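Since the structure comes first, as structure tokens, the remarks are kept for the end.
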Amino acid sequence: MVVKITLKGIGKVNYLLDVDKRLQKQLNIEEKDFLEDVATSARRRAPRDTGSLARSIEVIPWEHGWKLQVNDRAAFFQEMGFKPHPFFTDPSRQDFATRKLPLYRWITVSKNKPFVGPALESNLSKLSQRISNTVRRSIK
């Protein structure tokens, strides 16, 4: 005795599995593009004393996606704020050449300038539309 099983509509199942793979790939690309836009906006908004803060903003692969990373020790303080504090202007410091500060004086640093939060806020409104377009493209 032979049992014969016939599946009808298996092409639709295969199509849905293929759509899932394409959708994951397209969403991964869209995630990277979105974070690159946020990084570009954050670089424009970052304080420019030395330029090292803006240069340290990068988008890197992370687990199953991407993340925005800022590799500068001043980033946290610029983003979250700090208490006003004295700073000694010493020309022997490596990054002093690009600053326009008086020589050998104590100055008070009192203002922070958030850059990642506002960059994310300005790009977040476009995210739902970008995801919708990506889903629409991958299903077609």
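What follows is calculated from the coordinates using simple rules that are stated; it is not laboratory data. No experiment lies behind these values; they were computed from the predicted model shown. Neighbour counts run over all protein chains shown; Cβ positions are idealised from the backbone, glycine included.
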Pairwise FRET efficiency - Asp49 versus Ser128, Cβ, R0 = 35 Å, nearest 0.05:
0.45
Would you mind computing, in nm to one decimal, how far apart the modelled labels at Glu121 and Glu58 are, each placed 7 Å from Cα along Cα→Cβ?
2.9 nm
Note the full-extension length gain between Gln24 and Arg137 as 0.36 nm times their separation in residues minus their Cα-Cα distance, in nm to one decimal.
39.5 nm
Ser128, Ser138 arranged by Cβ crowding within 10 Å, fewest neighbours leading:
Ser128, Ser138
Could you sort out which of Lys32/Lys113; Lys32/Lys126; Lys21/Lys140; Lys32/Lys140; Lys25/Lys140 sit more than 19 Å apart by Cα distance in this structure?
Lys32/Lys113; Lys32/Lys140
